[in-house]
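For reference, the structure discussed in these notes is given below.
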2 protein chains.
Amino acid sequence: MERSNSIDRRTFVHGAAAGVAGLALGGLPSPLGAHAAADRDAVIAKIASGHAAALTMLRDWIAFPSIAAENRNYPQGAEYMARLARDAGFANARLVPTSGKPGVFGTLDVGARTWLGLYFMYDVKQFDPAEWSSPPLEGRLVKKEGVGTVIVGRGATNQKGPEVACLAALHAFRAANVKLPVNLVLVAEGEEEIGSPSFRQIVLTPEVQAALHRCVGVVIPLGNQGLDGRVQVNLGAKGVIELELVASGEKWGRGPARDVHSSLAAQVDSPAWHLVQALNTLVKPDGHTPAVEGFFDDVRPIGDAQRRILEDAIPRMSEAETKKALGVTRWIADEAWHDSLVRLVSQPTINIEGLVGGYTGPGGKTILPHRAVAKLDMRLVPDMTAAKTLERVKAHLAKHGFGDLEVNMTGGYDPTETPADSKLVHAMMATYRKNGVDPLLWPRLAGSWPGATFTAPPLNLPAGQFGLGHGAGAHAPDEYWLVESTNPNVVGMDGAAKSFVDFFYELA
Amino acid sequence: MERSNSIDRRTFVHGAAAGVAGLALGGLPSPLGAHAAADRDAVIAKIASGHAAALTMLRDWIAFPSIAAENRNYPQGAEYMARLARDAGFANARLVPTSGKPGVFGTLDVGARTWLGLYFMYDVKQFDPAEWSSPPLEGRLVKKEGVGTVIVGRGATNQKGPEVACLAALHAFRAANVKLPVNLVLVAEGEEEIGSPSFRQIVLTPEVQAALHRCVGVVIPLGNQGLDGRVQVNLGAKGVIELELVASGEKWGRGPARDVHSSLAAQVDSPAWHLVQALNTLVKPDGHTPAVEGFFDDVRPIGDAQRRILEDAIPRMSEAETKKALGVTRWIADEAWHDSLVRLVSQPTINIEGLVGGYTGPGGKTILPHRAVAKLDMRLVPDMTAAKTLERVKAHLAKHGFGDLEVNMTGGYDPTETPADSKLVHAMMATYRKNGVDPLLWPRLAGSWPGATFTAPPLNLPAGQFGLGHGAGAHAPDEYWLVESTNPNVVGMDGAAKSFVDFFYELA
């Protein structure tokens, strides 16, 4: 499943924050009282002394992957997650059964005034060891030019590295014998990579819901930093539907039931042409504007507040850097940079992720394929929903003579929104600034994550991604998470853990 | 490259010839004089005694594949072919250099009145041993239920088995010390599987052209029989263009130069949508009629003679069997069987062989691909030509705003036509009938082969496929050629050789 945190964040940040100051990780001008400041320093010191243990925790966890698509390591992966949570202080951490894979739930109530929700995923994406330069479950430490020492392994950055950084912060509080400034609720799932089909069941379990209800918001730990150190705070994210559109001779009742010789194109209808014609109805002649009937009916235009945030942010975004990073020379409709960014934030999309049908090898093969598939994703903005949009796509296809096409939704999330004036967002912004990073406040992530489970009723909580640190290669070979940074712009594993310490104090 | 002989012939025959008599391979009522009949019987006897040698010839040849796409065994494969030809009596067989792979040319002049051309290919299709149930170069003998003992190997039926049957017939004449009733010209190429790019150079080499010019026609040896024993004689074949249509961000100057995150569909143009929109212009809304400007300009309607042949043949074709074999329930436009066969013979097509772009694995992946490819083939009828049609496709795309798409032609042939009243066709029909098979005369193969090199100027020769025998799996794993038949409908290797003996006598 697609997640914001599985994405090279350049994709979203677009070379943002030209005004970012250099990082200054040393002694902060602290707003904490002298006692709290001493506590914090003691905790930070324990992060350093706990470095080896945290690295071992991460390496061991990488060695034990839960992969929902392969039904690998369930419920053992959940039990492992629960044990990691208990070790970090969630004494009551336990499995939450669902109709799919179990979740994990635990609370850490220190009697503080403020509660914070932590959303973890314990599953990882599939991998093919043949594509990796070191075994994907080994967690090998590798020196990476211009970055530092990274740990290479499946799940390193998506999401075990950042999650271990968060847990390492909690271990540091325990080791320093310092009371946490906030109470925590941990909710974890093991099906994020297949689209979180059971996550709502976990969150709506009465005691989980009740615990989350007390929280000021929920964050997923994320290594937010690009190699330039930049960080983005998103006030929500687009929703997404991923689906396969399948044209087949059998379902259609025309064309062949298996691949036949291509000379028969003179006599037999072609499911591949049927698919092409169906696809062609989904976007307007401009090649991008969705043409599905009713697609825009629920689109709420961005409001004045979002517009102001956007206008503040846009001047910090570098068009040249972004074009270079993406390999793009023109924006849609040859729009100016400003307008293309407004479009990025505000418009829903229908995208072709992949086309696959018939012969796909080198050269040609004279067949008329019995089946052809388009993999699509559609990005949704408020107040669109995944369910309603799927209905509209199906109705549109039926109306245009393509009702026989299978529409197999493989995953999806509703859009999320989190208020800029929420305590959660204020604390994120302040924590980044105190760590010398000037964050870019951004109205809406163009990518998607399962945050709607928190931001939608009944919880209606602010939710987002938080954390310093750096990783890359989510879903790809040689996924890594930065352990020791040699890049002055970004922090390593300990710096990532420290950002959680500061975040907890900031929230309190 | 596509060839008629690489195709399960059911594809074309459509369960033809409901009236086919059982095979009666025994003593023919011979029109030959007593002397000739005795000669013939002596030759046939030598086919049986030469069986083991012929099988060894085939197995050794299978073990030595020439594959043009891999530049494997050149010029050694040509030298091997030349040696096989010399061994069979083409004493002067030699290599014909080209700008690509060498051809082979030889003559066997016994002073007969009639000359016949033989077209051989010595190359084979690529293979992946992992997909085979026995090593593709071993030539293992395997018992196949309902068929008999077959030899399994790359090239077994496409085209070494049938070619060895023809060579075995020549060896039998020598062994029986019987004079051939015809003179022969052998012309072979080693690039058939990549679309015969140099074959015209071979044929137009002055001495080759002069020798072919004397011939009454040219045949490629082919195991024509389906498992029901049926045989089809084609009075020509459609031409073909195979091409890849490639949409890429770089060539377009829009969209990304590499795959980017799919959320960017709101900001960046999509080469995949561009491809879909281009494809959509190539056929009419009916989903099959070519819509390329000028596509039909050179189409010559089938004439009265062809129409009569078609009307004679259609009643022998079984719609029910064909539908079952193809897994088809309806013909294009819900046409009746008769009309769909007329369409099959008379209409040019544009077919999608394959679609491939972006993410093609299981589930989805949230990318906006920088490149997408459609593999197309177009079947051409007289008087269309591959070159002119390609021009029209390019002009059409440019006119409709898709001039940036790469149009990479990977192979093609012009259509061929051979007169029904030619000596070659008469001899084929008579030979089949004398072997107890009632052949189906068919106006035009819907598939394609490089016969236009013979049928077009300057040679203007009749040309077609000839031979009894059975094989399957051309271009596929476990390709085989029938050695010893246990199926009363079809003949084995010796029967295939015998059909050439009878064909030579029939032509003389």
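The values are calculated or read from the model by the stated rules, or taken from the named source; none is laboratory data. Bear in mind the structure is a predicted one, so any value in this text is a computation, not a measurement. Methodologically, a virtual Cβ is constructed for each residue, glycine included, from the backbone with ideal geometry; neighbour enumeration extends over all protein chains shown. Surface areas here come from the heavy atoms of the whole protein model, side chains and all, with no ligands, DNA or RNA. Shrake-Rupley method; radii C 1.70, N 1.55, O 1.52, S 1.80 Å.
A few points about this structure:
- Calculated [222 nm] ellipticity per residue, helices only, for chain A: -9000 deg cm²/dmol; basis is -39500 (n - 2.57) per DSSP H run with n ≥ 4, divided by all residues, nearest 500.
- Separation of alpha-carbon centers, the range A:384-399 and the range A:45-109, rounded to whole Å: 38
- Backbone N under 15 Å from the A:R72 label point (7 Å along Cα→Cβ), restricted to the range A:455-490: A:475-479
- Residues of the range A:300-327 falling in the label zone of A:A336, defined by backbone nitrogen less than 13 Å from a point 7 Å along Cα to beta-carbon, are A:315.
- When each of A:K394/B:K284; A:K251/B:K160; B:K394/B:K423 is checked by Cα-Cα distance, pairs over 29 Å: A:K251/B:K160; B:K394/B:K423
- Point-to-point label distance, B:A305-B:A395, nm (Cα→Cβ direction, 7 Å offset): 3.1
- Note on the protein assembly as shown: antiparallel DSSP beta bridges, both residues inside, total approximately 75 percent of the bridges counted.
- Just so you know, the Cα atoms of the range A:361-405 work out to an Rg and Dmax of 15.7, 47 Å.
- Rg(Cα)/(2.2 N^0.38 Å) for the range B:224-281, N = residue count: 2.08
- The eigenvalues of the Cα gyration tensor, multiplied by 5 and square-rooted, give the range A:250-296 an equivalent ellipsoid with semi-axes of 29, 12, 7 Å from largest to smallest.
- Counting every C-alpha pair in the range A:447-501, the share spaced more than 15 angstrom apart comes to 63%.
- Proximal charge balance of B:A430 [Cβ under 11 Å; K/R count +1, D/E count -1]: +1
- In this Cβ point-charge picture (+1 for Lys and Arg, -1 for Asp and Glu), chain B has a dipole of about 500 debye about its Cα centre.
- Cβ-based charge dipole, the range B:182-338, positive-most Cα from B:A266, B:H288, B:I309: B:I309
- Under the convention that each Lys and Arg Cβ holds +1 and each Asp and Glu Cβ holds -1, the size of the dipole of the protein assembly as shown around its Cα centre is about 540 debye.
- Taken over chain A, the convex hull of the Cα atoms encloses 155 Å³ per residue.
- Put simply, the convex hull of the Cα atoms in the range A:37-115 casts, on average, a shadow of 7.0 nm².
- A simple spin-label model places pseudo-atoms 7 Å from Cα toward Cβ; at A:T329 and A:D109 they are separated by 6.3 nm.
- Residue ranking by accessible heavy-atom surface, 1.4 Å probe, largest first, among B:S485, B:S346 comes out as B:S485, B:S346.
- Whole-number D in µm² s⁻¹ for the range A:292-386, Kirkwood Cα-pair radius fed into Stokes-Einstein, 20 °C, 1.002 mPa s: 128
- R0 of 41 Å, Cβ-Cβ distance A:T486-A:A36: FRET efficiency to nearest 0.05: 0.80
- Extension gain (nm, one decimal) between B:R174 and B:R433, 0.36 nm per residue minus Cα-Cα: 90.6 nm
- Sorted from closest to farthest, the other copies place their A:E70 label points 3.0 nm away, with each point set 7 Å from Cα along Cα→Cβ.
- Translational D in µm²/s for the protein assembly as shown (Stokes-Einstein at 25 °C, 0.890 mPa s, Kirkwood Rh from C-alpha pairs): 76
- The rule of thumb for compact globular proteins, 2.2 N^0.38 Å, goes into the C-alpha radius of gyration of the range B:414-456 1.27 times.
- Starting from the label point of B:T329 at 7 Å along Cα→Cβ, the same points in the other copies fall at 4.9 nm, in ascending order.
- Equivalent ellipsoid semi-axes - Cα gyration tensor, the range B:314-460, angstrom: 36, 23, 14
- Checking every one of the GluC sites (Glu not before Pro) in the range A:87-159 against DSSP loop status and a limit of 12 other Cβ atoms within 10 Å picks out A:E145.
- Convex hull per residue volume in Å³, alpha carbons only, for the range B:196-296: 270
- Within the range A:93-247, the percentage of alpha carbon pairs spaced more than 26 angstrom apart rounds to 39%.
- Rg over Rh [alpha-carbon atoms, Kirkwood Rh] for the range A:147-226: 1.01
- Cα centroid of the range A:454-493 to Cα centroid of the range A:209-287, whole Å: 25
- Label-reachable residues, the range A:178-201, where backbone N falls under 20 Å from a point 7 Å from A:R94's Cα toward its Cβ: A:184-190, A:199-201
- Relative intensity, log₁₀ I(q)/I(0), of the range B:133-175 from a Debye sum that treats every alpha carbon as a point, q = 0.18, 0.32 Å⁻¹: -0.61, -1.03
- Accessible area buried between chains A and B, both sides summed, probe 1.4 Å, in Å² to nearest 100: 6400
- Positive-end ranking of A:G451, B:G117, B:L459 along the dipole of the protein assembly as shown, with charges on Cβ about the Cα centre, is headed by B:G117.
- In the assembled protein chains, A:E391 presents an accessible area of approximately 110 Å² (probe radius 1.4 Å).
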